[in-house]
Amino acid sequence: MCGIVGYIGNKDAPVICVEGLKRLEYRGYDSAGIAVVTSRGLDVRKVVGKLANLEALLKEQPLHGPVGIGHTRWATHGKPSVENSHPHISCAGDIAVVHNGIIENYADLRSRLQAEGHEFRSQTDTETIAHLVEKYYDGDLAAAVRRACADLEGSFALGVLHAKHPDILIGARRFSPLVIGIGEGENFIASDMGAVRKWTDRVYVIDDDEMGVLTTDGVDLMDLQGKPIERSVYVIPWPADAAEKGGHRHFMHKEIYEQPMAMRECLRGRLSDPDRPITLDGLNMTEEEIRNLRKVVLSACGTAYHAGLVGRYLIENFARVPAEADLAAELRARDPVVLDNTLAILVSQSGETADTLVALRELKEKGAKIVSVINVVDSSIARESDGVVYIQAGPEIGVASTKAYTLQVLTLQMIAAHFAEVRGVQSPQALREFKEGILCVPDQAAELLSREDAVREVAQAYYQFHNALYLGRGINLPSALEGALKLKEISYIHAEGYSAGEMKHGPIALVEPSLFTVAVAVQGSVYEKMIGNIQEIKAREGPVIGVATDGDDYIPGEADHVLWVPPCPELVSPATVQIPLQLFAYHVADLRGCPIDQPRNLAKTVTVE
Ligand code: F6R
């Protein structure tokens with residue numbers, strides 16, 4: 001969603017802000033802007049569209065200065081336009097504000113401020129903040145920002161500049177992520193540490209209701225009452241070039257290729273030997289708690305929800321704990337009943353998804369123990385959880401989640417195996433087989449990547465279709481749902497993911513030669529049933545791509561094309577089955593000429609409900 005980068009130091013702030021914002025482009029945005037304090041006062045440039053437009057404008061109308069704030073906006077209040085893009089400016093034109101989040105009481109604040117004589121130039125909620133800071137400013141900028149924040153309801157990460165304080169940059173937060181990057185003779189604010197990693201690996205992660213006052217030489221951290229706070233420096237563990245494409249044409253492609261290595265990293269120190277117990281650092285559950293579990297509720301959005309569905313299957317089927325999975329956006333509406341000894345598992349790549357955070361708070365308030373499966377270290381969901389198992393995927397930039405999904409699945413497989421182990425509900429042999437299967441996943445993922453050319457050939461045959469059906473059953477129903485989501489979001493082909501068992505209850509009406517079906521039919525307990533579904537589709541002249549286990553000699557005779565995967569235990573298969581489906585979606589989108597890393601209307605991290 002929206003991105004913030006602010007800079008104070010000896011370099012040219014617009015250059016740093018634009019470069020930092022480019023690292024956040026993947027999050028999705030529709031306009032961009034920048035404000036700088038110059039010797040003449042505050043100067044602003046704003047455009048609709050991509051950062052390239054902002055760069056073009058900066059060439060025509062250059063802007064230079066050592067302190068600045070930049071923003072990429074994803075419209076919520078008010079359409080994408082120059083007036084509505086950030087930074088927003090006070091009436092006197094000397095205060096500039098960039099903002100991520102939503103101010104829920106902005107209509108109220110706006111009419112109060114208008115009644116007091118403030119003139120608004122945009123339809124945004126953010127502009128109220130610039131006027132509030134102006135209203136409260138009496139020579140102390142930090143105090144004015146604090147008073148303004150006290151009036152705000154909702155979520156915000158803010159960057160604030162004042163023409164009369166060219167030596168100060170202010171950042172503040174409530175519910176929207178904000179970090180302060182610590183440099184030598186320079187400091188940064190950013191909505192994501194990836195935006196400042198090029199210049200520093202040292203950051204302060206700002207908490208809710210906290211702010212930072214940055215100068216060239218230092219950072220003062222305080223809460224929104226003005227009380228100083230101590231915060232240890234977080235050292236970003238990934239290298240500066242982790243957010244570069246590294247020779248791949250798209251981040252999505254790079255991230256698909258990072259899977260084998262990231263999977264090894266995810267397993268390291270947790271599961272290395274099938275004969276030894278799994279250790280899950282960060283889970284923070286005693287053996288007694290695991291043995292006493294009465295129910296597990298998994299909740300997440302989008303792709304992470306699909307991983308949650310795999311987790312539900314595993315925890316119920318293998319660890320023998322009743323489990324359910326809920327879309328985070330739906331959970332609160334149902335006012336869920338939380339029993340004693342309920343564990344909630346929240347799954348999120350970013351750790352900042354608003355609906356998932358709301359679901360977490362709902363479940364926590366009702367007494368559930370909270371464990372999250374997260375990629376971004378120290379993110380909001382991670383910090384509000386009782387335990388966190390990090391998937392350790394490194395930065396995921398492509399909007400379409402790939403490596404985060406398979407690593408979420410792998411992590412949930414380890415959690416389920418660990419629970420089964422502690423609860424003593426599986427035979428040593430079943431446990432060993434499962435763990436051996438999990439340990440084979442990284443090598444199988446590498447093997448699957450070596451088959452990319454064959455997947456591209458299949459994509460050649462289908463990229464001009466307009467409709468697709470993805471079918472799966474049992475533990476691979478989520479693989480079908482996730483395969484369909486990947487195809488639709490990056491290629492814009494209409495794709496439905498369905499339980500193959502439901503096919504005769506509706507979707508079969510769609511089957512005809514112009515709709516292709518991807519049927520996940522790997523070896524396992526539902527194989528025969530999937531064969532039945534494939535036959536029913538072929539009988540109605542629907543083209544079929546079967547996802548089949550190496551050596552299957554039946555499916556090639558039935559399906560029009562086959563995506564092959566190496567044999568593995570059924571419970572392990574969702575971690576590998578997804579890889580050819582990711583590559584298939586990628587190549588279909590590429591052949592259609594789609595903007596793979598930035599699909600229309602989508603944002604990488606959805607920080608509003
Ligand atoms: C799709 C995709 C989204 C996310 C969803 C949740 O490819 O990436 O569906 O999975 O927005 O995001 P996180 O995992 O950050 O909570």
Report task. Would you mind checking the pairs K198/K369; K486/K529; K22/K486 and listing those with alpha carbons more than 29 angstrom apart? Result -> K198/K369
Query raised in the report: Over the chain, what is the mean sequence separation of C-alpha contacts under 8 Å (at least six apart), divided by residue count, expressed as relative contact order in percent?
Result: 12 percent
Query - Förster radius 51 Å - calculated FRET efficiency between V82 and R334, Cβ distance, rounded to 0.05 - result: 0.75
Query - Whole-percent carbon and sulfur share, accessible surface of the range 451-595, 1.4 Å - result: 50 percent
Query raised in the report: So, counting K/R as plus one and D/E as minus one, what does the shell of residues with Cβ under 11 Å around L487 add up to?
Result: 0
Report summary line: With all protein chains in place and a 1.4 Å probe, Y305 shows an accessible area in Å² (nearest 10) of 40 Å²
Report summary line: Once amide hydrogens are built 1.01 Å from N within the peptide plane, the residues lying 5 or more places from A323 or on another chain with amide H under 5 Å from its amide H are V296
Query raised in the report: Of the listed peptides 370-377, 512-519, 276-283, what is their order by residue-averaged count of other C-beta atoms within 10 Å, with the highest listed first?
Result: 370-377, 512-519, 276-283
Report task. Would you grab the residues whose amide H sits under 5 Å from the one on L469? Only those 5+ places off in sequence or on another chain, please, with H modelled 1.01 Å from N. Result -> E496, F516, T517, V518
Query - Computed label-point distance, nm, for sites D140 and D241 using a 7 Å Cα→Cβ extension - result: 4.9 nm
Query raised in the report: To the nearest 20 debye, what charge dipole does the range 171-287 have about its Cα centre, counting +1 at the Cβ of each Lys and Arg and -1 at the Cβ of each Asp and Glu?
Result: 440 debye
Report task. Tabulate in residue order the Karplus-calculated ³J(HN,Hα) for the range 64-76, using 6.51 cos²θ - 1.76 cosθ + 1.60 with θ = phi - 60°, rounded to whole Hz; enter x for Gly and Pro. Result -> 9, x, x, 9, x, 10, x, 8, 10, 10, 10, 4, 10
Requested in this report: Sequence neighbours fewer than 8 away in the same chain don't count; with that in mind, list the lysines whose C-alpha is under 17 Å from K79.
Outcome: K46, K50
Query raised in the report: Between N601 and N292, what is the label-to-label distance in nm when each label sits 7 Å out along the Cα-to-Cβ direction?
Result: 4.8 nm
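What is the diffusion coefficient of the chain in µm²/s, taking the Kirkwood radius over Cα pairs and the Stokes-Einstein relation at 20 °C with a viscosity of 1.002 mPa s? Show your work: numbers first, answer last.
Working: Rh = 25.3 Å.
For these conditions, the coefficient is 85 µm²/s.
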Report task. Mean Kyte-Doolittle of at least 0.5 plus a Cα span of 18 Å or more along the axis: flag which DSSP H helices in the chain meet both, please. Result -> 403-423, 574-591
Report task. Take the Cα atoms of the range 245-445, find their three principal axes, and give me the spread along each one in whole Å, biggest first. Result -> 51, 41, 24
Report task. Could you name the lysines whose alpha carbon sits less than 19 Å from that of K364, not counting residues in the same chain fewer than 8 places away? Result -> K295
Requested in this report: Provide, in order from the shortest bin, the percent of all Cα-Cα pairs of the range 406-528 in each 5 Å bin, continuing until the bin that contains the maximum pair distance.
Outcome: 2, 9, 14, 18, 19, 15, 10, 7, 4, 1, 0
Requested in this report: Principal axes first, then extents: for the Cα atoms of the range 451-595, list largest minus smallest coordinate on each axis, whole Å, largest first.
Outcome: 39, 32, 25
Query raised in the report: If the label point is 7 Å along Cα→Cβ of E60, which residues in the range 73-94 have backbone nitrogen under 20 Å from it?
Result: 73, 80-87
Requested in this report: For the range 3-242, restrict the atom set to alpha-carbon positions and state the Rg and Dmax in Å.
Outcome: 16.1, 51
Query raised in the report: Taking all protein chains as present, what is the carbon and sulfur share of the accessible area of the range 245-445, in % to the nearest whole number, probe 1.4 Å?
Result: 47 percent
Requested in this report: Could you order T216, T356 so the one with the most accessible surface comes first? Probe is 1.4 Å.
Outcome: T216, T356
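Tell me the mean residue ellipticity at 222 nm calculated for the chain from its helices only (DSSP H runs of n ≥ 4, each -39500 (n - 2.57), averaged over every residue, nearest 500).
Numbers: 19 runs with 211 residues, N = 609.
Here the helix-only value at 222 nm equals -10500 deg cm²/dmol.
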**Report entry** List E541, E19, ordered by accessible area with a 1.4 Å probe, largest first
**Finding:** E541, E19
Report summary line: In the chain the DSSP beta bridges are antiparallel at a rate, in percent to nearest 5, of 60 percent
**Report entry** Protein-only accessible surface order, largest first, of K529, K435 at 1.4 Å
**Finding:** K529, K435
**Report entry** Protection proxy ranking, peptides 9-16, 441-448, 106-113, average beta carbon neighbours within 10 Å, highest first
**Finding:** 441-448, 9-16, 106-113
Query raised in the report: chymotrypsin sites (Phe, Trp or Tyr not before Pro), restricted to the range 213-266: which are DSSP loop and have at most 11 other Cβ atoms within 10 Å?
Result: none
**Report entry** Anchor K488: lysines whose Cα lies under 21 Å away (excluding residues fewer than 8 positions away in-chain)
**Finding:** K254, K403, K604
Query raised in the report: Expressed as a whole number of Å, what is the distance separating the alpha-carbon centroids of the range 56-131 and the range 451-505?
Result: 42 Å
Query raised in the report: Per-residue accessible area for D550 at 1.4 Å probe radius, Å² rounded to 10?
Result: 60 Å²
Query raised in the report: Got a number for the accessible area of H561? Probe 1.4 Å, square angstrom, nearest 10.
Result: 60 Å²
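The values are calculated or read from the model by the stated rules, or taken from the named source; none is laboratory data. Predicted, not measured: the structure shown is a model, and the values here were computed from it. Virtual Cβ from ideal backbone geometry, glycine too; neighbours counted across all protein chains shown. The accessibility values were calculated without ligands, DNA or RNA, using every heavy atom of the protein model including side chains. Shrake-Rupley method; radii C 1.70, N 1.55, O 1.52, S 1.80 Å.
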